[in-house]
Amino acid sequence: MTDQEGADWIPPGADISRPSVARIYDYLLGGAHNLAADRAVAQKLEAIQPQVATVARRNRAFLRRVVRFMLEQGVRQFLDLGSGIPTVGNVHEVAQSVDPDAKVVYVDYEPVAVAHSLMLLKDNPNAEALEADATNTEAVLGSGPVEHLLDLGKPVGLLAITLGHYLPDVRSVFGAYRDALAPGSHLALTHLTNDFAVLRDPKIAETMRSTQDHIYPRSRDEVLALFDGFELVEPGLTTSANWRPDRLTPVVDPEEDGLYAGVGVKPQASRG
């Protein structure tokens, strides 16, 4: 079957000739909602660095762990920015397995990701998908799905997993979300860096320029700055596999892990 045949998850008008980060990630995770152009880029990445799919799987496992952590802290509503193609261990699956009333809004500007999310969520009253650019914070926070499902006066779990390194002006974007969220809200992020060997090869960034998203790797200090206004929880800024690993998550040398990872909480306002 070709990409065009029988693919009801491809919305009308979608440009399937141009690779998409969301669909490349889906391929690396073993998903089936990717196209020939995406697979070609993913295979080039694997030729440059054979561990790239392993890095993607560790990143996905981090997402599941942070959602469970936030649930333990009492968070019951989540805003997933750059959510990508739904795959095993989606945020709503993890959250609603603990509390069926947990609310989730997925945000992505990739039409295939959103179309498939809408198909997956059509019978779920507590989760919605929004096609929007996460950098347009006013549009996201004022959207129908956010207004319908989320109460911004209460703590929100803000998920920015492998998002920041696609944004040239990431600090202002994250700062706008931080300012809009209630105290007790959490920010979880992972971010590409050149600090570690596994993803340092400049050919990785060069290959990604064939997609609609360029990569902006950042140093440890630059990633730490994205938590301005949040208090990092233990173990602080680490790498994806090494953030509160569970019994299924082996400790990994940061040089082989590749992505900075951390969780911060917005503190209660100080009393004067």
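Couple of notes before you dig in:
- Charged side chains reduced to their Cβ positions (Lys and Arg at +1, Asp and Glu at -1) give the range 100-193 a dipole of some 280 debye around its Cα centre.
- Helices that extend 30 Å or more along their long axis by alpha-carbon positions and average at least -1.0 on the Kyte-Doolittle scale are, among the DSSP H runs of the chain, 52-72.
- Using Cβ point charges alone (K and R +1, D and E -1), the dipole size of the chain about the Cα centre works out to roughly 520 debye.
- Rounded to the nearest 10 Å², the accessible area of Lys203 at probe 1.4 Å: 100 Å²
- With eigenvalues of the C-alpha gyration tensor scaled by 5 and rooted, the chain, Å: 27, 23, 17
- Sequence-distant contacts, meaning Cα pairs under 8 Å at least 6 residues apart, place the relative contact order of the chain at 19 percent.
- Averaging the Cα positions of each part gives two centres, and for the range 203-244 and the range 109-171 these lie 20 Å apart.
- Percentage, to the nearest whole number, of Cα pairs in the range 38-131 over 22 Å apart: 35 percent
- With a 1.4 Å probe rolled over the protein heavy atoms of all chains, the accessible area of Arg60, Arg178, Arg247 falls in the order Arg247, Arg178, Arg60, largest first.
- Accessible area per residue was computed with a 1.4 Å probe on protein heavy atoms; Ile215 scores about 30 Å².
- Estimated 222 nm signal from helices in the chain, with DSSP H stretches of n ≥ 4 weighted -39500 (n - 2.57), rounded to 500: -10500 deg cm²/dmol
- When only Cα pairs below 8 angstrom with a gap of at least 6 residues are kept, the range 224-272 shows a relative contact order of 48 percent.
- Computed with a 1.4 Å probe over protein heavy atoms only, the accessible surface of the chain comes to 44 Å² per residue.
- Each peptide in 240-246, 140-146 was scored by the mean count of other Cβ atoms within 10 Å over its residues; highest first, the order is 240-246, 140-146.
- Only Lys, Arg (+1) and Asp, Glu (-1) charged, at Cβ; the range 149-266 dipole about Cα centre in debye: 260 debye
The values are calculated or read from the model by the stated rules, or taken from the named source; none is laboratory data. Fair warning: this is a prediction, and the values are worked out from it, not measured in the lab. Backbone-built Cβ (ideal geometry, glycine too); neighbour counts: all protein chains shown. Accessible surface areas use protein heavy atoms only, side chains included; no ligands, DNA or RNA. Shrake-Rupley method; radii C 1.70, N 1.55, O 1.52, S 1.80 Å.
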